[in-house]
Amino acid sequence: MPVYSVSRLGVYETCPRQYRFQYLDRLEVPEVETVERFLGNRVHDTLETLYKNIRFGRVPSLEGLVELFREAWRENWHDQVLIRAPDLTAEEYRRAGERQLEGYYRRYAPFDRDHTLAVERRILFPLDRDGGVWFQGVLDRLSRARDGLWQIRDYKTGQYLPSQAALDEDRQLGLYELGVRHLWPMAGEIELVWHFLAHDLELRSRRAPASLEALRRETLARIRGIERDETFPTRVAAHCETCSYQPVCPAWRHREEIAASPAAAEAVGWVDRLAELKAQKQAAVAELDAEIEALERRIADYADAQGLEAVFGTAHYARISRGERFHYPLKDEPGREELEDLLRRHGRWGEVAALDVRALPARVHGGEWPAELVDAVLPFESREETVTVRVAKRPDAGGSP
């Protein structure tokens, strides 16, 4: 029986094919470790050591804490750590980690505002009522304040600072609260706390029981959608840059095979020629479109000046008709929400609203709808195989491959 986690769900949402490789096929591939991840791991290691020492009454000095971080950095650093920012060095990332820890130390020393219940604690709990779906996670730190308030704490070392509204909807710590309440039913009020070390900020959130129940149901629906998936499509995007499965992924495998396979190398020429022809076609079409538009404008202006409705050529004629084209705000355009609200208030929205069938596949197969609704919609579904060939420039090449 699979055990789910926030990271496991995140992999599926990023790329279902990667999810299949990692969790179903269990392919063993070298892992790509970015410097951001390396930095985060070393900061977490240092804070874990800090609070384990505090449990025994040993509070290291600021200099001692920074030295713990430096030692962990030296022991774990390797040449395969990926630094994607060309203007930054490993030394600059290390100093950034030191500054984060220095800020944290100065804010919380002597670390006696709360009692640490657990550090880097793995929790395992059922997500459904009958124990058929299990979830796991790792608590960075679980603490209890002097007033008895339990706090689930999470350390963030990245530069991104989410809004308070986003944190109030955060899935990870919300699910961790479900786990804490399952393991320790005596816990009363629970607060979720994020430490954004790069900004020396502490942000908090609390969840109502109804919000936690909605999160539980939504997560179960997402898991059931994953378990119904039979295709696990590839989703190509920026995340591919650090994906370890490129050598086996159908979206990238050919690039890896070019040097070793004559057949793969031959296909390179086909793609180059196709790209060349498409570029020529686009240039020709653009030139023709511009000429057509100019002629249409010239003929219409002439007809308007002469009071004509048709202008004749040798074997053809052009009929000019004038009318009005109405435009209303499309989805995501300014004014769209106000227009919908206006029509609803007047009871006319149903007369103009239409079922967006293009959105149905994502709803039916995305795990967002309840199973009974999905089962009712599936008989209306039919599938047709389509083949589309697009040409784009290789992301790893300045010129032709």
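Annotation: extensible slack from Trp252 through Asp396 equals 50.7 nm (criterion: 0.36 nm per residue apart, minus Cα-Cα distance).
A run of the chain free of exposed loop cleavage sites, with chymotrypsin sites (Phe, Trp or Tyr not before Pro) counted only in DSSP states other than H, G, I, E and B and at most 10 other beta carbons within 10 Å, reaches its longest extent at 161-325. Using C-alpha pairs below 8 Å separated by at least 6 residues, the relative contact order for the chain is 14 percent. The distance linking the range 266-285 with the range 286-312 is 33 Å (Cα centroid to Cα centroid, whole angstrom).
Here the label points at Gln159 and Arg319, each 7 Å from Cα along the C-beta direction, are separated by 6.1 nm in the simple model. Subtracting the Cα-Cα distance of Val285 and Arg181 from 0.36 nm times their residue separation leaves 31.1 nm of extension gain.
The trypsin sites (Lys or Arg not before Pro) of the range 178-279 meeting both criteria, a DSSP state outside H, G, I, E and B (loop) and at most 16 other C-beta atoms within 10 angstrom of the site's C-beta, are Arg206, Arg235.
Listed from fewest to most Cβ neighbours within 10 Å, the set Val66, Val43, Val285 follows the order Val285, Val66, Val43.
Annotation for Tyr108 and Val138: the two label points, set 7 Å from Cα along the Cα-Cβ direction, are 1.7 nm apart.
In the range 197-257, which GluC sites (Glu not before Pro) fall in coil by DSSP and have 14 or fewer other Cβ atoms within 10 Å? Sparse-neighbourhood loop GluC sites (Glu not before Pro): Glu230. Rounded to the nearest 20 debye, the dipole size of the chain about its Cα centre is 920 debye, using +1 on the Cβ of Lys and Arg and -1 on the Cβ of Asp and Glu. Here the gap between Ala214 and His346, fully extended at 0.36 nm per residue and compared with their Cα-Cα distance, gives a gain of 44.3 nm. In this simple spin-label model, placing a label point 7 Å from the Cα along the Cα-to-Cβ direction at both Leu149 and Ala238 gives a separation of 3.5 nm. Applying 1/(1 + (r/R0)^6) with R0 = 30 Å to the Cβ-Cβ distance of Thr34 and Met1 gives a FRET efficiency near 0.40.
Shown is the FRET efficiency for Arg70 and Asp332, computed with R0 = 35 Å from the Cβ-Cβ distance and rounded to the nearest 0.05: 0.15. 3J(HN,Hα) along the range 199-216: 10, 6, 10, 10, 10, 10, 7, 10, 10, 6, x, 5, 5, 5, 5, 4, 5, 4 Hz, from the Karplus curve 6.51 cos²θ - 1.76 cosθ + 1.60 with θ = phi - 60°, whole Hz, x for Gly and Pro. Couplings 3J(HN,Hα) for the range 89-99, derived from phi with the Karplus relation 6.51 cos²θ - 1.76 cosθ + 1.60 (θ = phi - 60°), are 10, 4, 4, 5, 5, 5, 5, 5, x, 4, 4 Hz, where x marks Gly and Pro.
Quick one: which residues, 5 or more positions from Leu201 or on another chain, have an amide H under 5 Å from its amide H? H modelled 1.01 Å from N in the peptide plane, none for Pro or chain starts. Here the answer is Phe196, since their amide H atoms fall under 5 Å of that of Leu201.
In this structure, Val377 and Ser61 have a Cβ-Cβ separation that, at R0 = 60 Å, corresponds to a calculated FRET efficiency of about 0.45. Close amide-amide hydrogen proximity is noted between Ser244 and Val32, each under 5 Å apart and 5 or more residues distant or on a separate chain (H modeled in the peptide plane; Pro and chain starts excluded).
Looking at the chain, the DSSP beta bridges with both ends there are about 70 percent antiparallel.
Since every read-out is calculated from the coordinates, none of them should be taken as a lab result. On a predicted model such as this, the values are computed, not experimentally measured, just so you know. Ideal geometry is used to build each Cβ from the backbone, glycine not excepted, and the neighbour counts take in all protein chains shown.
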